[in-house]
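Worksheet: the structure to be examined is printed underneath.
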Amino acid sequence: MNTTVDQADFFKTLEEKSDGGTLRGDYSQCNAQYIVRQNWPAYTPQQHALWRKLYQRQAKLLPGRACELFIDSLARLDAADEIPRLDRTSEALTKATGWELVAVPGLIPDLTFFEHLAARRFPVTVWLREPHEFDYIVEPDVFHDFFGHVPLLFNPIFADHLQQFGNGGLKALKLDALKYLARLYWYTVEFGLIDSPHGLRAYGAGILSSGGEIEHCLNSATPRRIALDAERVMRTLYKIDSYQETYFVIRDYQHLFDATAPDFTPIYERLKKKEALPANSLLPGEVNIAPNK
Ligand code: PHE
Ligand code: FE
């Protein structure tokens, strides 16, 4: 089932989150599910060159910092040379895990986003950042969405997990609990760390596509690093315009799947009666995991 979120309503709710509620993308061409055509021929040689620079910088940072699964999956994508054609990757992805990629103008309504995930469709933004935004962008662009998220979608177990997130999002919307699930998404899919025999590694897309945070999250003494507990994470506020003040660490992927498997309905009920925790809190009894160096 696909429900339509009216664009006027979408931009109205955005006003709370961003200055003036304006977004970068061109929303004039999208359909009811906010899907657009990628129009690949319209990218300029300069944009492909910027992509290559972003890719090369980031690929160099991965060894010793990204989880093995990500490094292996990225290598199979063949996306180093130019902005990828989403339809081609989508075809390969469908063969691998039954997911497809859909092109979108940028951020889309929560309901639409989770409906896509629940239907095994991953929305990828079509625009690329400008050269002066090489290190930092406010909204996700094609580099973040593609480089950060698509590799793990080629892994069948991760692919299933993300679909479950989609279903969980639709359920949370009905229970008026989306903000809790959004925090879990943020601290796992976007900013998750995993322990490994060689030290901490990143598996979150927001880290893996970031030139600065990939080092900071593993090696800086400043942020907290706390073992993942779903209820704790869903109580925790997050920052969207700075490096994270806390990262949540999984022992292995099974830890993540086990933590997200239970029915969240009773957790949501408990959370509604509690205050949220600041992004930099460490509760009594919690261990602050040491950085790699
Ligand atoms: N178990 C969650 C619920 O009951 C759904 C979920 C699954 C969320 C997997 C995230 C990841 O709502
Ligand atoms: Fe993302």
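Table for the structure above
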item: So ILE137, is it closer than 30 Å to THR3 by Cβ, surrounded by 20 or more Cβ atoms within 10 Å (Cβ to Cβ) and modelled with pLDDT under 95; result: no
item: Counted residues, the range 148-184 - those being in contact with a helix residue (DSSP H, G or I) (Cβ under 7 Å, 6 or more places away or on another chain) and under 14 Å from ASP110 (Cβ atoms); result: 15
item: THR94 being under 19 Å from PHE154 (Cβ atoms) and either surrounded by fewer than 14 Cβ atoms within 10 Å (Cβ to Cβ) or at pLDDT below 95 (or both); result: yes
item: Scan of the range 115-154 for residues that are within 12 Å of the chain's Cα centre (by Cα) and among the small types (Gly, Ala, Ser), ordered by number; result: GLY148
item: Tally, over the range 267-277, of residues that are more than 16 Å from ligand 1 (Cβ to nearest atom) and either exposed (fewer than 11 other Cβ atoms within 10 Å of the Cβ) or not in a loop (DSSP other than H, G, I, E, B) (or both); result: 4
item: Hits in the range 138-156 - residues which are assigned to a loop (DSSP other than H, G, I, E, B) and away from ligand 2 (no atom under 11 Å from the Cβ); result: VAL138, PHE154, ASN155
item: Residue count for the range 207-218, restricted to those that are among the charged types (D, E, K, R) and surrounded by fewer than 22 Cβ atoms within 10 Å (Cβ to Cβ); result: 1
item: Search result, residues across the range 181-204 that are closer than 16 Å to PHE147 by Cα and within 16 Å of ligand 1 (Cβ to nearest atom); result: VAL189, GLU190, PHE191, GLY192, TYR203, GLY204
item: Filter result for ASP258 (within 14 Å of ligand 1 (Cβ to nearest atom) and among the acidic types (Asp, Glu)); result: yes
item: Failed criterion for LEU69 (all others in (1) assigned to a helix (DSSP H, G or I); (2) in contact with a Phe, Trp or Tyr (Cβ under 6 Å, 6 or more places away or on another chain) hold); result: (2)
item: Flag if GLY204 is touching a Phe, Trp or Tyr at 6+ places or on another chain (Cβ under 9 Å) and surrounded by fewer than 22 Cβ atoms within 10 Å (Cβ to Cβ); result: no
item: Matching residues in the range 206-247 - criterion: being more than 16 Å from ligand 2 (Cβ to nearest atom) and of a type in the set (A, V, I, L, M, F, W, C); result: LEU218, ALA221, ILE226, ALA227, LEU228, ALA230, VAL233, MET234, LEU237
item: Residue ID - nearest to VAL142 (Cα to Cα), chosen from residues in the range 1-37 that are open to solvent by less than 30 Å² (accessible area, probe 1.4 Å) and at pLDDT 95 or above; result: VAL36
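Yes or no, residue by residue, for (1) surrounded by 17 or more Cβ atoms within 10 Å (Cβ to Cβ); (2) hydrophobic (A, V, I, L, M, F, W, C); (3) touching a residue at least 40 places away in the same chain (Cβ under 8 Å); (4) more than 13 Å from ligand 1 (Cβ to nearest atom):
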| residue | (1), (2), (3), (4) |
| --- | --- |
| SER220 | no, no, yes, yes |
| ASP229 | no, no, no, yes |
| ARG235 | yes, no, yes, yes |
| SER242 | no, no, no, yes |
| THR265 | no, no, yes, no |
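The values are calculated or read from the model by the stated rules, or taken from the named source; none is laboratory data. Everything numeric here is computed off the predicted structure, so don't read it as measured data. Here Cβ is always computed from backbone atoms with ideal geometry, including for glycine, and neighbour counts include all displayed protein chains. Each accessible area value is taken on the protein alone, full model and side chains, heavy atoms only, with ligands, DNA and RNA left out. Shrake-Rupley method; radii C 1.70, N 1.55, O 1.52, S 1.80 Å.
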